[in-house]
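Remarks on the structure that follows.
The values are calculated or read from the model by the stated rules, or taken from the named source; none is laboratory data. Remember, predicted model here, so these are calculated numbers, not experimental data. For neighbour counting, all protein chains shown are included, and Cβ atoms are generated from backbone atoms with ideal geometry for every residue, glycine included.
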Amino acid sequence: MKSIILAVTMLAGFATGAVAADTVDGLPVSSIYNWSGAYVGGHAGYAWGRTKYNDPLVFDEISFLRKDGDGFLGGVQAGYNWQDGAVVYGIEGDVSFGNVKGHRFLVTAYGPANYDETLRVFGTFRGKVGYTFNSILPYVTGGFAVANYKLEGAGGSTTTTNLGWTIGGGAEIGLTEKISIKGEYLFADVGKEDFSLANAPDVVPFPGKVSAEIQTLRIGINYRF
């Protein structure tokens, strides 16, 4: 929660500075920068999050030696904007690849379980709405999220793909007529999915559900057509 508050505060401060720079007698200057149209781009950043395990015989995990996942990721995005005066709204899809790793030692109804967790793919499909001040566009965004995890233990490995939702915000700055840069924060809750992994050779697999929350801070560049 502290991370969410910090990220939102930073983005709000950035947007407030943009408003102050583009006002005359307290009124926003009319937008002259054209944000409409299709765009593609790339991004890179830092991700962190927490996984949570549940099994059918206990209500929740009992875990020790927990290291929540963190690491770097990067990927591509594409979207389309519509502009109505100073209001800009649109859709965007993105996919990120990374090596965001965590570790968990669990005590379950099936015995001890030692897991390494790796977030390998993270994707979103979101709506966006913002208010432009010339070439500066602060915005909020939200939509669907998907995350692919690899879980590894002494008895083998498995993957799980979780679906959920995401919300966040950011600001984009137009550098030229076609090129812009952005900074963005996203929070995602990717729900619960079934998984099963043997804790050790010849041991009955531990069946259960894994859920995850993911936070990302990333910067990117876009090219508009």
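Brief remarks on what is shown
- Condition check for ALA171: touching a Ser or Thr at 6+ places or on another chain (Cβ under 7 Å) and of a type in the set (Gly, Ala, Ser): no
- Residue in the range 198-210 that is surrounded by 19 or more Cβ atoms within 10 Å (Cβ to Cβ) and modelled with pLDDT of 95 or more present: no
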